[in-house]
Amino acid sequence: MGQGISLVGAIAAGYLLELTKVELIGVMGVFMLLPGVFELGGAVAGAFGAKLNHIYEKHPDIARRVYFPQMIYSLCIAVVASVILGLIGGVAAMLIFGGDAVLILKIAMLSVALSSLAGLPIVGWSTIRAIKAGLDADNIIGPVETSLFDALTVLSVFISIGLLA
Amino acid sequence: MILTLRHFLFVSITAGLAAAISLIGGIGLELVSQKIAVLVPLLIAIPSLNNLVGDYAAIISAHIADPDENKPDMVAVRQAIARVLGFNIIIIVGFSAILAAFRGYSLDPAFLIKFLLFVAFSVVVVVESMFVLNFVLNRALKNHRLNADDVLIPITTAVADIAMLLLVALAVVTIF
């Protein structure tokens, strides 16, 4: 079932990719950047969900207090990590494809920030709903965050290009 | 405070570098971006294919990293994966083709057969490679007394993603 959820989200992301391909292809280096942004968003969200789950397991009394600080912490990690990704991606785009390194850096940062701002609250909410339903959130969150963040990533890259390019 | 900041920076830089490894596969995609844009079913299938091989890479790594007394029979793991893999491939090919048709893409039988064969071939090749890679890495990690649980999954999922994207790029240039 988890793989089913993951596949549905990935197919939706693929469809969004088709819908936005003209804009994505229009900026040299964006197709190269996409797998990195997919990976980063999903990794940060997955870690956030797992951490939340484990805090709830061990300290359910303080879990409510740490929810937002943990979300902000994950968002900050995502933004700083996106700088690293954007720098490497920008230099690669410039050297290999003659792309605009600064633009790729900005797109990486803005798209990761947007997808994390939208996706982290949903992952957090899903984790808590799963825990309260008596399910093992570790089994639920993986498929949810990969499917959600795949689609969010394509949308956020598209929005970033629209704002920056 | 300094410890927390150092930890935060370490985690952030590690996450950024790990994501940057995926750019290797992205280079292949960028090289064929103009060509792949017109192969609508394949474009739609890309995230699904990456997710699929990444998931199986993680599953194989998780099983291979089990302690010897709990390790399942890898032949049984392979058979279990094989039973579901065919179904996943058909779902990906089917939905990608249907959505492409919605976008006005003209599906001819020759393309569909090539598409199905390519998806099946590439997924099987990558998943089989993950068995080999996991076996080799697990041995190497044991020899160096490292915990496989910490490193196998990130490495194998990254390799699976890169391999799949490079196969897609190769297929765009050679087959389609």
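Numbers below:
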{"item": "Which numbered condition residue A:74 misses (of (1) touching a residue at least 12 places away in the same chain (Cβ under 8 Å); (2) assigned to a helix (DSSP H, G or I); (3) out of contact with any Lys or Arg (no Cβ under 9 Å at 6 or more places or on another chain); (4) more than 9 Å from chain B (Cβ to nearest Cβ))", "result": "(3)"}
{"item": "Residue match in region A:9-17 (condition: in a helix (DSSP H, G or I) and modelled with pLDDT under 90)", "result": "yes"}
{"item": "Test for residue B:166: is it within 12 Å of chain A (Cβ to nearest Cβ) and either under 23 Å from residue B:28 (Cβ atoms) or surrounded by fewer than 21 Cβ atoms within 10 Å (Cβ to Cβ) (or both)", "result": "yes"}
{"item": "For residue A:84: the one exception among (1) facing another protein chain (nearest Cβ under 8 Å); (2) closer than 23 Å to residue A:162 by Cα; (3) free of Cβ contacts under 8 Å to residues at least 24 places away in the same chain; (4) surrounded by fewer than 18 Cβ atoms within 10 Å (Cβ to Cβ)", "result": "(4)"}
{"item": "Any hit, region A:128-147, residues being surrounded by 24 or more Cβ atoms within 10 Å (Cβ to Cβ), modelled with pLDDT of 85 or more and closer than 25 Å to residue B:54 by Cβ", "result": "no"}
{"item": "Enumerated helices (runs of 4 or more DSSP H) restricted to region B:19-113, each holding at least 3 residues that are buried (at least 19 other Cβ atoms within 10 Å of the Cβ) and within 9 Å of chain A (Cβ to nearest Cβ)", "result": "B:23-31, B:40-64, B:74-102"}
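The values are calculated or read from the model by the stated rules, or taken from the named source; none is laboratory data. Everything quoted here is computed from the prediction, not taken from an experiment. Glycine also receives a Cβ, built like all others from the backbone with ideal geometry; neighbour counts cover every protein chain displayed.
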